[in-house]
Amino acid sequence: MSTIVAIQRDGQFLLAADTLVTTGPSYSARQRPQSKIMRFADSLIGVSGLSVYVNILNHWLDERKRTSALDSESEILAFMLEFWRDLRQNYHYVQETPDGDDPSPFADLQAQFLIVNRTGIFDVREILSISRHEGFCAIGSGAPHANGALEALWDAEQDPERLARRAIQIAATFDRATGDEVVVLRGS
């Protein structure tokens, strides 16, 4: 997993993420850190979950040179549905129901996405449920710790980048799947 933090404050927005990559219960200290954040049009997208989603989403965006806006829940849902359809059609190792016994009628991406741009912070859950947040939001295995840190430090720390870095550092203290360097991308 990961910890990814979005902050939108005073007309600025950013995404920050740890770079630790784990495969099951272990990881290699020699593995190169991986950015879990990408730019798309005027948005920043963070991915938490199976690390292959970073590779797939980057490939999918590069192949299609998409430029649609992600300014509302409806636009994000259309974007994610197109991504889901392409996953099923063009990335053949995607399973219909990963655990085989899931009676849910909804897709399960086994990943969570955080999208931030000038219009807001959008959290896209595994079943494509989309929520809009104000100020900040964290996703991933370290999210409870990061969200607690963000809430506690929000009034005291005015610099969004320092705030995001501190939240991820605190998450890494308590979540073994969060660690390594912190990467921060600012929106424009």
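The values are calculated or read from the model by the stated rules, or taken from the named source; none is laboratory data. Predicted, not measured: the structure shown is a model, and the values here were computed from it. Here Cβ is always computed from backbone atoms with ideal geometry, including for glycine, and neighbour counts include all displayed protein chains. Just the protein is used for accessible areas: all its heavy atoms, side chains included, with ligands, DNA and RNA removed. Shrake-Rupley method; radii C 1.70, N 1.55, O 1.52, S 1.80 Å.
Conditions tested, residue by residue: (1) over 19 Å from Phe13 (Cα atoms); (2) hydrophobic (A, V, I, L, M, F, W, C); (3) open to solvent by 50 Å² or more (accessible area, probe 1.4 Å); (4) modelled with pLDDT under 95.
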site	(1), (2), (3), (4)
Pro98	yes, no, no, yes
Pro103	yes, no, yes, yes
Asp108	yes, no, no, yes
Leu114	no, yes, no, no
Asp123	no, no, no, no
Leu128	yes, yes, no, yes
Cys137	no, yes, no, no
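Restricting attention to segment 62-83, the residues that are modelled with pLDDT under 85 and in a helix (DSSP H, G or I) add up to 3. Filtering segment 46-90 to residues that are open to solvent by 80 Å² or more (accessible area, probe 1.4 Å) and β-branched (Val, Ile, Thr) leaves only Thr67. Just so you know, in segment 1-27 the residues that are among the hydroxyl-bearing types (Ser, Thr, Tyr) and in a strand (DSSP E or B) include one that is modelled with the highest pLDDT, and it is Thr3. Within segment 35-71, how many residues are under 17 Å from the mean Cα position of the chain (by Cα) and in contact (Cβ under 8 Å) with a residue 24 or more places away in the chain? The qualifying residues number 22.
Checked against (1) over 14 Å from Ile7 (Cβ atoms); (2) modelled with pLDDT of 95 or more, Ala177 passes all but a single condition, namely (2).
Looking for something of a type outside the set (S, T, N, Q), open to solvent by 10 Å² or more (accessible area, probe 1.4 Å) and in contact with a helix residue (DSSP H, G or I) (Cβ under 8 Å, 6 or more places away or on another chain) - is there at least one such residue anywhere in segment 158-172? Yes, that holds for at least one residue.
Restricting attention to segment 147-157, the residues that are open to solvent by less than 90 Å² (accessible area, probe 1.4 Å) and out of contact with any Gly (no Cβ under 9 Å at 6 or more places or on another chain) total 7. Within segment 140-174, the set of residues being within 16 Å of Leu114 (Cβ to Cβ) and in a loop (DSSP other than H, G, I, E, B) comprises Ser141, Gly142.
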